[in-house]
Amino acid sequence: MYALVLAEDADGAAFRDAARRCIAQGLAPGAVTFSADGNAPLLPPPPETAEATPPAFAVPRAFIELLDNVACHSAPDRFDLLYALLWRIARGEPGVLDQANDPILGRALDYARAVRRDIHKMHAFLRFREQPGEDGPLFTAWFEPQHHILRRALPFFIERFATMNWLIVTPSGSAAWRNGEITFGPGAPRPPEENDAVLDGLWNTYYRTIFNPARLHVGAMLREMPKRYWRDMPETRAVPEMLRQAGARAQSMVDRPADAAPRFATRIAERRAEEITARETEASGEPTTLATLRDQAAGCTRCPLHKHATQTVFGEGPPRAALLFVGEQPGDQEDLAGHPFVGPAGKMFNKALGDAGIDRDEVYVTNAVKHFKYELRGKRRIHQKPNMSEIKTCRWWLSRELALVRPRLVVALGATAAYALAERTVPVMKERGTLMDLGAHRGIVTVHPSFLLRVTDAVVAATEYRRFVADLKTAARALEKLGDAA
Ligand code: URA
C-alpha cells in the first residue's frame, strides 16, 4: 500500500493530476491512499515510473463537478472516495454516477452536499467590517467554514463586491481582493472581538426591519442560521429581544385595521374582467387565453420534436406580465418537470434575476421552442440546438403567447430566442444590453444563462455573470422608463 500526500490546499485539479498518474501505474483503489491537510501516513509514496502519459479516458462533466465539491470536504477519506469512483470510470464501467445505491457514490454525494451548504452559509453569514487600508478602506471579514471552501466561495464575493478592496481570512487561508486582483495568503485564528458601531448598527437596523414576528419559527431559524455563526454576525445580538417581543408584535399586527386597497387594485380588477370576457368569447378555435393556448400546445405535433420529448413545456408567469423572457428550449429537467427554467440554467437565471432586483414571480418565462431536442448517448440525453425550421414552426406558439401576455418589454436569452423574436439573426455579443426592436416588441438581447455554466475559469465566470446581471438590470430600468411613458 502506498500513500500519496497532496498539498495542504489541494483542490479538485491537484487531485485529478495525482489520480491520473496513479491510474497510469495501475494502482487499484486498495493499493494507494491519498492524504492532505498536513497528514502523512507512515506508508511509502508510489514508485516513480517511466510511465509519463496518463491514460486518456473521458470523465463525465457531472463527475468533475462532484469532484470539485468533494475535494473541498474536510473528511480525510474524501480523495480515496473520489479515487475509487475515478478508477471505475477509467476502466469504462458504465453509469458509475447513476447507481443510486452505491455506498461510495452515496458518501461522495453527501460530502458534495455538505460543501455546497457550507459555501451557501459563507455567502449568507460572512460580515465585512471596514478598516482603514493603504489605498482607501479595506473591508475585512473573518469566517470559519467547516470545509476547505474559501476558493470555491470567492466568485460570489468578487462579483458582488468587485469595486471594493477586501480581505477574507479563515483559519486555514485568506484571500485578498485589491484593485481588481485576487491574491491568496495564510490563514489566521479568530481575531479578538471588535465592535464596529456603525456597521453593526446598520446590520441591526436591517435585521429588525425584515424580521416578521407573525412568521416566527424558532426551529427553522436555528436550522438555517445555526448559533455557531452568530458570534460574527452583529445583527444576531438583536435576536433575543425580538424573540421576547414577537408575540406582542404579532398580536398588534392582527389587531390593526386593514389598510386601504392598494392603488393598483383597479388594474387587477380590470385584468380579471378582460380574462373573463376573453374566456366567454372564445369560440372560434383561435385561443384567447393563455390557459387554452397552453392546453392546445400540449398536443402540438407541428414539428417532429414532439415525438421524443416527454411533454410540451409551455411558458409560465403572470398572464399580463410586463416583462417577458424567452429562452431557447426546455432542457432535460424541464422536459421531465414540464416547467421552463427549473434545471441548472434555471437556477443560474433565478440567481441573476434576484441579483438584478427582478422577481421571477412577476415575469413571464417561456422558450422559443417548446419541446426538448436531444441526442441519446448511452442513457444520457444530450441537448441539441433547434434548427431554423423548428424555431419558425414553434413561433406559432410564441407569437400567440406574446399577443396574449402583451409584455411591455421582452428579453431574449441567447441567439435562438433573439432569432425567434426578431425574425433575423442578432449578433448577441455585439448588441447585448441595448434597447432595440425585437419584432413588434421593444426588447433587449443578452446571453443564455447556460453560457455562464460553460465558463470554467472562475474569474471569467464571475465577470460574465456580472455582465449578465448588468443586462438584466438594463432591462429592468428600460421597463421602468417604458412604464413611465405608457
Ligand atoms: N434552457 C432554456 O432555454 N429553457 C429552459 O427552459 C431551460 C434551459
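See the values below:
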| quantity | calculated |
| --- | --- |
| For the range 126-185: rounded, prolate or oblate by the Cα gyration tensor [a/c cutoff 1.5] | prolate |
| Gyration tensor (alpha-carbon) shape descriptor, the chain, a/c threshold 1.5 | oblate |
| Residue-level accessible surface for Lys347, protein heavy atoms, 1.4 Å, Å² | 130 |
| Amide H within-cut-off set for Ser172, under 5 Å, with H built and near neighbours excluded | Ala188 |
| Residue-wise HN-Hα coupling along the range 440-448, computed from phi with Karplus coefficients 6.51, -1.76, 1.60 (Hz; x: Gly, Pro) | 7, 10, 7, x, 9, 10, 8, 6, 7 |
| Karplus-derived HN-Hα couplings along the range 164-172 (A = 6.51, B = -1.76, C = 1.60, θ = phi - 60°), whole Hz, x at Gly and Pro | 9, 9, 8, 9, 10, 10, 10, x, 10 |
| Separation between Cα centres of the range 55-69 and the range 437-479, rounded to whole Å | 28 |
| Per-selection Kirkwood Rh - the range 278-437 (Cα, Å, 1 d.p.) | 16.2 |
| Amide hydrogen neighbours beyond the local backbone of Asn165, cut-off 5 Å, H modeled | Phe139 |
| Other-chain or far-sequence residues with amide H under 5 Å of Ala3's (modelled H) | Thr33 |
| Per-residue [θ]222 nm for the chain (sum of -39500 (n - 2.57) over DSSP H runs n ≥ 4, rounded to 500) | -14000 deg cm²/dmol |
| Within the chain: Cβ-based charge dipole about Cα centre, in debye rounded to nearest 20 (Lys, Arg +1; Asp, Glu -1) | 1000 |
| Charged-residue dipole, Cβ positions (Lys, Arg, Asp, Glu), the range 380-486 about Cα centre, Debye nearest 20 | 180 |
| Three-way shape label, the range 2-121, alpha-carbon gyration tensor, a/c 1.5 | oblate |
| Net charge dipole size for the range 286-485 [Lys, Arg +1 and Asp, Glu -1 on Cβ; Debye, nearest 20] | 420 |
| Euclidean distance between Cα centres, the range 372-409 to the range 289-359, Å | 9 |
| Where chymotrypsin sites (Phe, Trp or Tyr not before Pro) in DSSP loops with at most 12 other Cβ within 10 Å are excluded, longest remaining stretch of the chain | 265-486 |
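The values are calculated or read from the model by the stated rules, or taken from the named source; none is laboratory data. This one's a predicted model, so the numbers in the text were calculated from it and none came from an experiment. Here the Cβ is made from the backbone with ideal geometry for all residues, glycine too, and neighbour counts use every protein chain on show. Remember, those area values only see protein heavy atoms, side chains included, never the ligands or the DNA or RNA. Shrake-Rupley method; radii C 1.70, N 1.55, O 1.52, S 1.80 Å.
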